[in-house]
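The values are calculated or read from the model by the stated rules, or taken from the named source; none is laboratory data. This structure is a prediction, so every number in the text was calculated from the model and none was measured. Cβ sites come from the backbone with ideal geometry, for glycine too, and all protein chains shown count toward neighbours.
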Amino acid sequence: MSRFYVTTPIYYVNAEPHLGHAYTTIVGDALTRWHRLMGDDVKFLTGTDEHGQKIQQAAEAAGKTPQEFTDEVAPKFANAWDRLNIANDDFIRTTEPRHRTAVNELLQRCYDAGDIELDTYSGWYCVGCEAYYTEDELDEGHVCPIHKRPVEHFEEENYFFRLSRFQDRLLDWYAEHPDAIKPAHRANEALGLIKSGLRDFSVSRTTVDWGIPLPWDEDHVAYVWFDALTNYLSAVGFGDDSADYTDWWPVDYHLIGKDIIRFHCVYWPAMLMSAGVEPPKGYGVGGWLLVGGEKMSKSGGNAVNPLDLVDTTGVDGFRYYVLAETPYGSDGDFTYDGLVARYNADLANNLGNLAARVATVVGKKCDGVGPAPDPSSSLATAAADAYANTAKGWDDVAPSKALDATWSLIRATNAYLESNEPWKMEPGADVDRVMGDALEALRIVAVLAYPAVPETSQAIWERIGLSGEVVDQLLPDAATWGGYPGGLTVTKGDPLFPRITA
RNA sequence: GGCGCCGUAGCUCAGUUGGUCAGAGCAUCCGGCUCAUAAUCGGAAGGUCAUCGGUUCGAUCCCGAUCGGCGCUACCA
């Protein structure tokens, strides 16, 4: 049994969970569910980023301490993931003691390695961005181009991480691991960043209190890089003498958005190299889910609350849509019409209706008892192809391809029924053979579709009379033709995905 | 300015060493079926594979240019 460790970014708690957060988190959940079916020992981590000036200020504005403030917001993320049926194994918060332990350890190692040094930084600082700008990056009158508010001139002593020393080591590492970043075209972007030259970056602040003090200089608080990124190590016991973080490290995939490639694919591995820690094995870089063609933002007024949509399509309908609609790595455009169209076409018409028609015919022609499949059924090859391509899709961190492959078996089964017309046959061996095949296909579909639509898979599983849980199935055996035993009671039940007509 | 990407059926996109590569899904139209959530199955229509040149026996897939869309990055006075 191999281990498989996947992370999402930790989400900054200055905003409520929105569609963008949900997208990455659902991808991670589906990917890790697939690996559990493959028999891997899986750890899926998500969490919240809770330090920094913006949180401090938001807390003050709310008349709360930062800790009180984050204690109220962090559960909103955890609850949202519960609603979306996210099976994360851990939920890390950067305000936890275990995280402070790991940050201290990582900082100290880099400091001891001589890669963190004191220097002076001066420039125009935007509180909203928590970042410095050069003169020419600002709008007229020293105004932040993003927040459209005046920036402040600061000069402070900061500790700097000597990223500039790591260019060759990073290039060498990526040369030896050409498939580390998926999809491939995103890897070119990361390499471009490295080749274009690396500047040292500031890792501490003296102007902020809400954070983790540097272990060798309490006047400084760790800035976001060493704080937030380190969560991936905190959750596996880095810096904890009673644990061995290498049980899980290096991580298999950091799932990230395309906007944070630099920090995850350049800063982070360099920090780890400095500390003598293996860089991540891989990264899955997703695009943005745009709304109306524009990046979703609170201020833009187009933020979509994923939980509102669940009421329309169900949890599985929403999960399926975000996974299937957009090729991973590309930007997607979220639209309500698109959501409904895909729900109706793939879930109501294809999958849901298939389950319904099979149950009805079994009821009418087989006395409601599911027959066993034909070992040499023509559907068996469709099932084998579906499994192979579904597996490849998940291996490539390409959910839309994986699901398309799974759905190919659903389409093949609908066609199979059409060409055999069991509803025209008299009860007997011929009907049993056809319906056994259909039930077997449905069983395999339930397993293969499980990462995307876990509740539906379990429902199908039970309706065709199988006991136990889909989550406990093991691939590839569970997708091998012939697993449906026959002799089980098949029940129809309510439509799995009622068609949306509005 | 530099580096890179993209522009293939109405829509979203596949096409991984140039020779059945002109495809899939959705949408449309026609037909079949009636077990099923007016679902499903089959068929058709639809593209000079952005434009113009070049290499080649032959290019969507190689090279150059142009138009259009985009990403990252660097900025001189």
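See the values below:
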{"quantity": "Subset of segment A:353-377 that is small (Gly, Ala, Ser) and crowded, with 21+ Cβ neighbours inside 10 Å - its residue that is nearest to RNA strand B (Cβ to nearest atom)", "calculated": "A:Ala355"}
{"quantity": "Odd one out for A:Gly47 among (1) under 26 Å from A:Val236 (Cα atoms); (2) assigned to a helix (DSSP H, G or I)", "calculated": "(2)"}
{"quantity": "Test: A:Ile86 is modelled with pLDDT of 95 or more and either in contact with a Leu (Cβ under 8 Å, 6 or more places away or on another chain) or among the aliphatic types (A, V, I, L, M) (or both)", "calculated": "yes"}
{"quantity": "Qualifying residue in segment A:30-48 (condition: surrounded by fewer than 18 Cβ atoms within 10 Å (Cβ to Cβ) and touching a Pro at 6+ places or on another chain (Cβ under 7 Å))", "calculated": "no"}
{"quantity": "Test result for A:Trp394, under 28 Å from A:Val340 (Cβ atoms), more than 11 Å from RNA strand B (Cβ to nearest atom), assigned to a helix (DSSP H, G or I) and at pLDDT 95 or above", "calculated": "no"}
{"quantity": "Cβ-Cβ under 8 Å pairs, at least 6 apart or on other chains, segment A:185-200 side more than 24 Å from A:Ser330 (Cβ to Cβ) and modelled with pLDDT of 80 or more, far side surrounded by 16 or more Cβ atoms within 10 Å (Cβ to Cβ) and charged (D, E, K, R)", "calculated": "A:Asp200/A:Arg162"}
{"quantity": "Number of positions in segment A:180-208 that are within 12 Å of RNA strand B (Cβ to nearest atom), under 26 Å from A:Pro399 (Cα atoms) and not hydrophobic (A, V, I, L, M, F, W, C)", "calculated": "5"}
{"quantity": "A:Ala384 being touching a residue at least 60 places away in the same chain (Cβ under 8 Å), in a helix (DSSP H, G or I), more than 8 Å from RNA strand B (Cβ to nearest atom) and out of contact with any Ser or Thr (no Cβ under 8 Å at 6 or more places or on another chain)", "calculated": "yes"}
{"quantity": "Subset tally (residues that are over 25 Å from the mean Cα position of the chain (by Cα), without any contact (Cβ under 8 Å) to a residue 40 or more places away in the chain and surrounded by 15 or more Cβ atoms within 10 Å (Cβ to Cβ)) for segment A:157-182", "calculated": "1"}
{"quantity": "Any chance A:Ala452 is assigned to a loop (DSSP other than H, G, I, E, B) and either of a type in the set (A, V, I, L, M) or within 26 Å of A:Lys401 (Cα to Cα) (or both)", "calculated": "yes"}
{"quantity": "Test: A:Pro451 is crowded, with 24+ Cβ neighbours inside 10 Å, more than 10 Å from RNA strand B (Cβ to nearest atom) and within 20 Å of A:Asp41 (Cα to Cα)", "calculated": "yes"}
{"quantity": "Enumeration of residues in segment A:244-278 that are of a type in the set (S, T, N, Q) and crowded, with 22+ Cβ neighbours inside 10 Å", "calculated": "A:Ser274"}
{"quantity": "Qualifying residue in segment A:184-202 (condition: touching a strand residue (DSSP E or B) at 6+ places or on another chain (Cβ under 9 Å), assigned to a loop (DSSP other than H, G, I, E, B) and of a type in the set (Ser, Thr, Tyr))", "calculated": "no"}
{"quantity": "Leading residue by the ranking (farthest from the chain's Cα centre (by Cα)) among those in segment A:461-474 that are away from RNA strand B (no atom under 16 Å from the Cβ) and surrounded by fewer than 20 Cβ atoms within 10 Å (Cβ to Cβ)", "calculated": "A:Ser467"}
{"quantity": "Scope segment A:405-448; condition among the polar types (S, T, N, Q) and surrounded by 24 or more Cβ atoms within 10 Å (Cβ to Cβ); matching residues", "calculated": "A:Thr406, A:Thr413"}
{"quantity": "Sole exception among (1) within 16 Å of RNA strand B (Cβ to nearest atom); (2) in a loop (DSSP other than H, G, I, E, B) for A:Val251, by number", "calculated": "(1)"}
{"quantity": "Scan of segment A:387-416 for residues that are in contact (Cβ under 8 Å) with a residue 40 or more places away in the chain and more than 31 Å from the chain's Cα centre (by Cα), ordered by number", "calculated": "A:Asn414"}
{"quantity": "Scope segment A:417-431; condition near RNA strand B (Cβ under 8 Å from one of its atoms) and free of Cβ contacts under 8 Å to residues at least 40 places away in the same chain; matching residues", "calculated": "A:Glu418, A:Ser419, A:Glu421, A:Lys424"}
{"quantity": "Long-range neighbours under 6 Å by Cβ, at least six apart or interchain, first residue part of a strand (DSSP E or B) within segment A:332-344, second not charged (D, E, K, R)", "calculated": "A:Gly332/A:Leu289; A:Gly332/A:Thr326; A:Asp333/A:Leu290; A:Asp333/A:Gly293; A:Phe334/A:Leu289; A:Phe334/A:Val291"}
{"quantity": "Single match in A:Leu255, A:Leu229, A:Leu214, A:Leu233 (criterion: touching a Pro at 6+ places or on another chain (Cβ under 8 Å) and at pLDDT 90 or above)", "calculated": "A:Leu255"}
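One line per residue, one yes/no per condition, for (1) part of a strand (DSSP E or B); (2) at pLDDT 75 or above; (3) among the charged types (D, E, K, R); (4) touching an Asp or Glu at 6+ places or on another chain (Cβ under 9 Å):
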| residue | (1), (2), (3), (4) |
| --- | --- |
| A:Gly123 | yes, no, no, yes |
| A:Gly141 | no, no, no, no |
| A:Phe166 | no, yes, no, yes |
| A:Ala175 | no, yes, no, no |
| A:Pro178 | no, yes, no, no |
| A:Glu218 | yes, yes, yes, no |
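Table: residues versus (1) closer than 19 Å to A:Tyr343 by Cβ; (2) in contact (Cβ under 8 Å) with a residue 60 or more places away in the chain.
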{"site": "A:Glu440", "(1), (2)": "no, yes"}
{"site": "A:Ala449", "(1), (2)": "yes, yes"}
{"site": "A:Val453", "(1), (2)": "yes, yes"}
{"site": "A:Glu462", "(1), (2)": "no, no"}
{"site": "A:Ala479", "(1), (2)": "no, yes"}
{"site": "A:Phe497", "(1), (2)": "yes, yes"}
